[in-house]
Amino acid sequence: MNSDWYVLNVRDAAWRDRGGRGSVTQLVRDDGAQVGVNLFVLGPGEPMAMYHWEADQEGYLVLAGEALLIVNDSEHPLRQWDYFHCPPRIPHVLVGAGSGAATILALGARIDSVDSPDWGGYPLSGVAQKHDASTEVETNDPAVAYARFAPGTPGEFRDDWLP
């Protein structure tokens with residue numbers, strides 16, 4: 001593989017089953033990349049993350065299925081081809097909705113890393129808690145935010161995830 005560029009078919013990518021938080025593959029694998037690109041597949045009721053904000057902007061495109069966006073403590077349904085642009089410092093989370101899988105392309109700037117104390121945080125949210133998508137205590141430590149979840153395990157792509 002060329003160290004500067006690559007072509008990757010998502011069917012052949014390294015997938016992770018995140019135990020109650022869907023499946024994911026990291027499309028940009030360079031730790032020093034300026035942008036993060038991940039493909040998530042969420043079952044109904046599965047949160048992509050815990051309700052959080054980041055110092056960098058993010059974007060989410062629903063490729064298939066339905067999702068529920070919780071942003072600034074309010075709910076907004078999303079369907080195929082809806083795009084959510086999230087400016088820096090806006091608390092948000094996406095949760096799988098509907099009767100089948102939601103496939104979501106997630107993009108994010110990577111200016112501040114989680115090693116920086118100003119990277120972001122996990123505020124409490126009553127709305128997100130209704131969907132099991134909020135931390136139990138306010139924190140900026142991902143280990144605390146995700147303590148109740150088992151670590152991910154290797155997974156595989158399923159053909160019914162994309163149209």
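Assorted remarks:
- Size of electric dipole in the chain: Cβ of Lys, Arg +1 and of Asp, Glu -1, about Cα centre, debye, nearest 20: 320 debye
- Selection from HIS76, PRO91, TYR122, by position along the positive dipole direction of the range 15-150 (Cβ): HIS76
- The range 107-155: relative contact order in percent, alpha carbon pairs under 8 Å with at least 6 residues between: 26 percent
- Contact order, relative form, for the chain: 28 percent (alpha carbon pairs under 8 Å, 6 or more residues apart, mean separation divided by residue count).
- The chain: mean projected area of Cα convex hull, nm²: 9.3 nm²
Read the figures in this text as sums done on the coordinates, not as results from a lab. Please read all numbers here as calculations on a predicted model, not as lab measurements. Cβ sites come from the backbone with ideal geometry, for glycine too, and all protein chains shown count toward neighbours.
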